[in-house]
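Asker: Handing you this structure, nothing more for now.
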Amino acid sequence: MKSANRSTARITGVFIGLALAFCLIVVLNINIGSVPISVGEIARILLWRTGETRLVSIIWKIRLPRILMAAILGGALSLSGFLLQTFFSNPIAGPFVLGISSGAKLIVALTMIYFMGRVGAVSSWALVVAAFIGSLMSVGFILVMSRRLKHMATLLVAGIMIGYICSAATDFVVTFAQESDIVNLHGWSLGSFSGMSWDGVAFAAALVGITVALVFLLSKPIGAYQLGEAYAQSMGVNIKLFRRALILLSSPLSACVTAFAGPISFVGIAVPHLIKRALNTSKPIVVIPATFLGGAVFCMFSDLIARTAFAPTELNISTVTSVFGAPVVIAMMLNRQKER
Amino acid sequence: MPKIYLQTQSLVVGYDGKPLIRDISLDVSRGEIVTLIGPNGSGKSTILKSITRQLKTLGGTVEIDGSALHSLSYKSLATRMAVVLTERMKPELMTCWDIVASGRYPYTGRLGLLTKEDREKTAAAMEAVHALDLRDRDFNAISDGQRQRVLLARAICQEPELIVLDEPTSFLDIRHKLELLEILRKMARERQIAVILSLHEIDLAQKVSDWVVCVKGETIARAGKPEEVFQADAIEQLYGLRGGTYDPEFGSIELPAIQGNPRALVLSSGGSGIPVYRRLQREQTPFAAGILYTNDIDSRLARVLAQEVVAETPFMPIGEAALRRALELTNTCERVIDAGICIGEINRAMERVMQQAKQSGKLMTAAQL
C-alpha cells in the first residue's frame, strides 16, 4: 500500500499547488495593470470593502469580473477538451482543433449581426444558445465523419477543415455586415476576456457550474470508457446513453466559452495533458476537478500576459495560449511517437 | 449434470443486419470450458461479440442464467459476465492495479470509489493469476503475457459467473499460453465459472476444453467433446488442410510430404526416426521409412511425412513381403539412414537390410547426415 500512499500524496500535492497558483494569479491579476494596486489595498477592498473609490471601481467593475470569467471559461474549456479526448479516444481532440469553436463562432456571428441590426443589443442568453447550436452542428458533423474515419489523423484533418470552412463563412459575413453591427464582433472573433460584466459572469458561472457538477457525477463511467467502448459496456455502462451525455455536456462548456470570449486555442488540449502528467493518473475523479482548476489558472495566467506584456496594447488571448499551449502539444506528440 | 448457464438457440449473428452465421446452438455450464475453433474469418469473434451484446443478434435466442440476454440491464449483465477482448486496451497512465480494480465497476457506488472489500478482491484476483507483483507497473509497459493475465484478473475481479475470452492466447509465447490456459482451467473448476473462448491453437483447444465448437463460415460445422471433434478428417475439413497433415492424438500439424520417388530409406524404431524425417523434409528429400511396426511412434509420423512406409503387424516377426520391399528400397534409394534402430528377437530380419545397405556403401548414421 506504500505506492498507493505515494500516489495519494502526489495528487494532494498537485491540488495544493494548483490552489496556491490560483490564489497567486488572482492577486497578481488584480495587482498588475495600467493602475497598479498594492496587495494590501486589494485585501482591504475585497475583504473590508473600503478604500479609494476609483480603485474600488477598477477592481469590482473591471478586473474582478474579468479574472473570474477567465477562470470559469478556462476551466470549462479544459474540461470540454478532456471530455472530447475521452469521447474520441484521441489525445489531441479539443473544441478548437475539431472545429467546434469555429462552428460556434459562425452561428454567434450571425446571431450578433442579426440582433444588432434589428434590436441593437444582444443578450448573453442568445449568444450562448447560438454558440451551443453552432457547437452541436460541428460535433454532429464530426460524429458523422468519425464513423467513417477511424484513424486519428484523418479525424483531426476533418475537424480542421470544418474549422476553416466556418471561419471562411464567418469572415464572409463580417465583411458584408454593417460597420456598426460588428464593432464588438471583430475583437470578439479573435478571442479576449476584456469587457466582462457581472451579469455575464453570473450566467457563465451558473451554466458552467451545473455542467461541471454533472460531468463530475459521470466520472465513474468516463473512467470505464477510457478502457474502450466494449470494455465499458461489459462493465455495465449503457454506451449509447453515455456517449450522448458526453457530447451534450462538452458542448455547453465550449459553447459558453465561445459565446463570451471567442474561440481560444490549445487550452483544451494542453491543460488536460499537463494535468494528467502531473497527477500521474488519468482517473477522471481527480482529473476532472484538477483539469478545471488547471484550466482556470492557465487562462488567468494567459490573460495576465495578454493584458500586460505589451501594455497598453492588448494581445488576443489565443496568441498567448498558443505560445504556451502549442509546444506542449508538440512535445506530447513526440512523446507518443517515442512510446510506440 | 451441471446447470446450463449460457444457452443459445438457433442464434443468427452478423454485422449490419447481414447474417453471417446461422443456427448456432451452444450450451455452456458453470465450471465448464467451451472453445470455439475455426479458420480466420470464420466468425468466432462475431459469435462472441453477439453473446457479449456488442453486436445485435439477428435471430434466435441467447439466454443467460435463464433470462433472455436483451432483457437484462447492462448493469445486471455486468455482474454475470466478464470479458477479455482482442482489441488492445491502451489506457493512459494506468497501473495494472487500476485495470484490475476496474472489474469492481458494477459493485462500486456512484463515484466508483473502492471500499476495503473491493481492494481485497482486487488483490485476490491479481494473486490468482500470479500478477500481484505487477500491481504498480504501468499497464502499457508490461509484456503481452503479463497483459493477458492482468486482463484475466480484471475479469475475475468482476466476479462473473461467465467469462468470455476472444483469442486470449494470440500474441503470447508458448509458456504464457500454457500459463494462461492453466489458470483458466483452474478458475473454471474452482469457482464454478462458465468459460467460453475462441482459440487458434487447436492443440491447446483439445487439451483445455470440455466442449469444442467448430465454426466454419455460415454454420457450426461440428460440435462435441474434444475426443469427438479432434478427428483428422474433421479438422482437415474445418481448416481446409490437405490430406493427412493433422494428427489428432498429438494435436500436431505437419507440412505436406515431399512428393517424388524415395531417395532415402530411414531405419528406425521408438521415435528415433522423427528428427531424421523432419531433417529430410526440410531438405526436400522424398524418403521411405521401414520396417516399422504400426504401433511404433515413428510409424505415426512416417505415415504423414514419408512417401512410403514399409509396415509390419506389431509384435510379429518381420514377414517375407515387408522384407522384400525393404530390400528393394535399399537398392533404389541413394542413402539408407540408420537413425538408431533397436534390433531384437522378432525384428531380426532388419539385420539383413542393414547388411545389404552396408555392402552397397549406402548405409550412414543420422549423425553423418
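The values are calculated or read from the model by the stated rules, or taken from the named source; none is laboratory data. The shown structure was predicted, so the numbers you read here are calculated from the model rather than taken from an experiment. No Cβ is skipped: glycine too gets one built from the backbone with ideal geometry, and neighbour counts run over all protein chains shown. For the accessible areas, the whole protein counts, side chains as well, though only heavy atoms, and no ligand, DNA or RNA atoms are used. Shrake-Rupley method; radii C 1.70, N 1.55, O 1.52, S 1.80 Å.
Asker: Please list, ordered by first then second residue, the pairs with beta carbon atoms under 7 Å, 6 or more apart or interchain, first in the stretch A:267-281 and more than 9 Å from chain B (Cβ to nearest Cβ), second surrounded by fewer than 22 Cβ atoms within 10 Å (Cβ to Cβ) and assigned to a helix (DSSP H, G or I).
Answerer: What qualifies is A:Ile269/A:Val329; A:Ala270/A:Val328; A:Ala270/A:Val329; A:His273/A:Val328; A:His273/A:Met332; A:Leu274/A:Val328; A:Ala278/A:Val14.
Asker: Only one residue in B:Glu249, B:Glu312, B:Glu308, B:Glu283 is more than 23 Å from B:Thr332 (Cβ to Cβ) and among the charged types (D, E, K, R). Which one?
Answerer: B:Glu249
Asker: Continuing with the same structure: Taking helices (runs of 4 or more DSSP H) that fall entirely within the stretch A:32-113, which contain at least 1 residues that are surrounded by fewer than 24 Cβ atoms within 10 Å (Cβ to Cβ) and either modelled with pLDDT of 90 or more or touching a strand residue (DSSP E or B) at 6+ places or on another chain (Cβ under 8 Å) (or both)?
Answerer: Working: elements: A:39-43, A:53-57, A:64-88.
Of the helices (runs of 4 or more DSSP H) lying wholly inside the stretch A:32-113, those with at least 1 residues that are surrounded by fewer than 24 Cβ atoms within 10 Å (Cβ to Cβ) and either modelled with pLDDT of 90 or more or touching a strand residue (DSSP E or B) at 6+ places or on another chain (Cβ under 8 Å) (or both) span A:64-88.
Asker: Step by step: first the residues of the stretch B:241-252, then only those that are within 24 Å of B:Gln284 (Cβ to Cβ) and either touching a residue at least 24 places away in the same chain (Cβ under 8 Å) or hydroxyl-bearing (Ser, Thr, Tyr) (or both), then the one that is most open to solvent (accessible area, probe 1.4 Å). Which residue is that?
Answerer: Filtering the stretch B:241-252 for residues within 24 Å of B:Gln284 (Cβ to Cβ) gives B:241-247, B:250, B:252.
Filter once more, so that each one left must be either touching a residue at least 24 places away in the same chain (Cβ under 8 Å) or hydroxyl-bearing (Ser, Thr, Tyr) (or both): B:244-247, B:250, B:252.
Working: B:Gly244: 36, B:Thr245: 11, B:Tyr246: 8, B:Asp247: 19, B:Phe250: 105, B:Ser252: 37 Å².
My answer is B:Phe250.
Asker: Here are some residues: A:Phe115, A:Phe87. Which one is among the aromatic types (Phe, Trp, Tyr) and within 21 Å of A:Val267 (Cα to Cα)? Give the steps one after another, and end with the answer.
Answerer: Details: A:Phe115 fails: within 21 Å of A:Val267 (Cα to Cα).
Step by step, each of A:Phe115, A:Phe87 is checked, and only A:Phe87 is among the aromatic types (Phe, Trp, Tyr) and within 21 Å of A:Val267 (Cα to Cα).
Asker: Could you check the stretch A:201-225 and list, in sequence order, the residues that are hydrophobic (A, V, I, L, M, F, W, C) and open to solvent by 20 Å² or more (accessible area, probe 1.4 Å)? Talk me through it step by step, then tell me what you get.
Answerer: Start the filter on the stretch A:201-225 by keeping residues that are hydrophobic (A, V, I, L, M, F, W, C), which leaves A:201-208, A:210, A:212-218, A:222, A:224.
Within the stretch A:201-225, A:Ala202, A:Phe203, A:Ala205, A:Ala206, A:Leu207, A:Ile210, A:Val212, A:Ala213, A:Leu214, A:Phe216, A:Leu217, A:Leu218 meet the criteria.
Asker: Return yes or no: is B:Pro262 part of a loop (DSSP other than H, G, I, E, B), in contact with a strand residue (DSSP E or B) (Cβ under 6 Å, 6 or more places away or on another chain) and open to solvent by 20 Å² or more (accessible area, probe 1.4 Å)?
Answerer: Working: part of a loop (DSSP other than H, G, I, E, B): yes; in contact with a strand residue (DSSP E or B) (Cβ under 6 Å, 6 or more places away or on another chain): yes; open to solvent by 20 Å² or more (accessible area, probe 1.4 Å): yes.
Here the answer is yes, as B:Pro262 does meet what is asked.
Asker: Further, regarding this structure: Kindly indicate whether B:Ala366 is of a type in the set (A, V, I, L, M) and open to solvent by less than 30 Å² (accessible area, probe 1.4 Å). Please lay out each step first, then the result.
Answerer: Numbers: of a type in the set (A, V, I, L, M): yes; open to solvent by less than 30 Å² (accessible area, probe 1.4 Å): no.
No; evaluated as a whole, the condition is false for this residue.
Asker: Still on this structure, I have one more. Look at B:Ile37 and say whether it is in contact with a His (Cβ under 9 Å, 6 or more places away or on another chain) and crowded, with 18+ Cβ neighbours inside 10 Å. Show your work before the answer.
Answerer: Details: in contact with a His (Cβ under 9 Å, 6 or more places away or on another chain): yes; crowded, with 18+ Cβ neighbours inside 10 Å: yes.
Against the criterion (in contact with a His (Cβ under 9 Å, 6 or more places away or on another chain) and crowded, with 18+ Cβ neighbours inside 10 Å), B:Ile37 qualifies.
Asker: Still on this model: Restricting to the stretch B:140-173, name every residue that is in a loop (DSSP other than H, G, I, E, B), surrounded by fewer than 24 Cβ atoms within 10 Å (Cβ to Cβ) and more than 20 Å from the chain's Cα centre (by Cα).
Answerer: B:Ile142, B:Ser143, B:Glu159, B:Pro160, B:Glu161
Asker: If you don't mind, there's one more thing I want to ask. Return the residue satisfying two criteria in turn: it lies in the stretch B:79-96 and is assigned to a loop (DSSP other than H, G, I, E, B) and more than 7 Å from every other protein chain (Cβ to nearest Cβ), and of such residues it is farthest from the chain's Cα centre (by Cα). Before you say what the answer is, go through the steps one by one.
Answerer: In the first step, residues of the stretch B:79-96 are kept if they are assigned to a loop (DSSP other than H, G, I, E, B); the result is B:79-80, B:85-94.
Those left that are additionally more than 7 Å from every other protein chain (Cβ to nearest Cβ): B:79-80, B:86, B:88, B:90.
Details: B:Thr79: 29, B:Arg80: 27, B:Thr86: 17, B:Arg88: 22, B:Lys90: 27 Å.
Ranking the qualifying residues of the stretch B:79-96, first place goes to B:Thr79.
Asker: Hey, any hits in the stretch A:296-307 for a residue that's within 14 Å of another protein chain (Cβ to nearest Cβ), touching a Ser or Thr at 6+ places or on another chain (Cβ under 8 Å) and touching a residue at least 12 places away in the same chain (Cβ under 8 Å)? Break it down stepwise before answering.
Answerer: Pass one, the stretch A:296-307, residues within 14 Å of another protein chain (Cβ to nearest Cβ): none.
No, the conditions are met nowhere in the stretch A:296-307.
Asker: Checking the conditions here, which among B:Leu323, B:Leu329 is part of a helix (DSSP H, G or I), in contact with a Lys or Arg (Cβ under 8 Å, 6 or more places away or on another chain) and open to solvent by less than 40 Å² (accessible area, probe 1.4 Å)?
Answerer: Working: B:Leu329 fails: in contact with a Lys or Arg (Cβ under 8 Å, 6 or more places away or on another chain).
Step by step, each of B:Leu323, B:Leu329 is checked, and only B:Leu323 is part of a helix (DSSP H, G or I), in contact with a Lys or Arg (Cβ under 8 Å, 6 or more places away or on another chain) and open to solvent by less than 40 Å² (accessible area, probe 1.4 Å).
Residue-wise test of (1) open to solvent by 70 Å² or more (accessible area, probe 1.4 Å); (2) within 20 Å of B:Leu85 (Cα to Cα).
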{"site": "B:His176", "(1), (2)": "no, yes"}
{"site": "B:Arg185", "(1), (2)": "no, yes"}
{"site": "B:Ile193", "(1), (2)": "no, yes"}
{"site": "B:Leu197", "(1), (2)": "no, yes"}
{"site": "B:Lys225", "(1), (2)": "yes, no"}
{"site": "B:Tyr239", "(1), (2)": "no, no"}
{"site": "B:Tyr277", "(1), (2)": "no, no"}
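Asker: Also: Restricting attention to the stretch B:40-78, and to residues there that are without any contact (Cβ under 8 Å) to a residue 12 or more places away in the chain and open to solvent by less than 50 Å² (accessible area, probe 1.4 Å), which single residue is nearest to the other protein chains (Cβ to nearest Cβ)?
Answerer: B:Ser76
Asker: Within the set of pairs 6 or more residues apart or between chains, which connect a residue that is on the phi < 0 side of the Ramachandran plot inside the stretch B:214-240 to a residue that is in a strand (DSSP E or B) and among the acidic types (Asp, Glu) with Cβ atoms less than 8 Å apart?
Answerer: Matching pairs, first to second residue: B:Thr219/B:Asp23; B:Ile220/B:Asp23; B:Ala232/B:Asp247.
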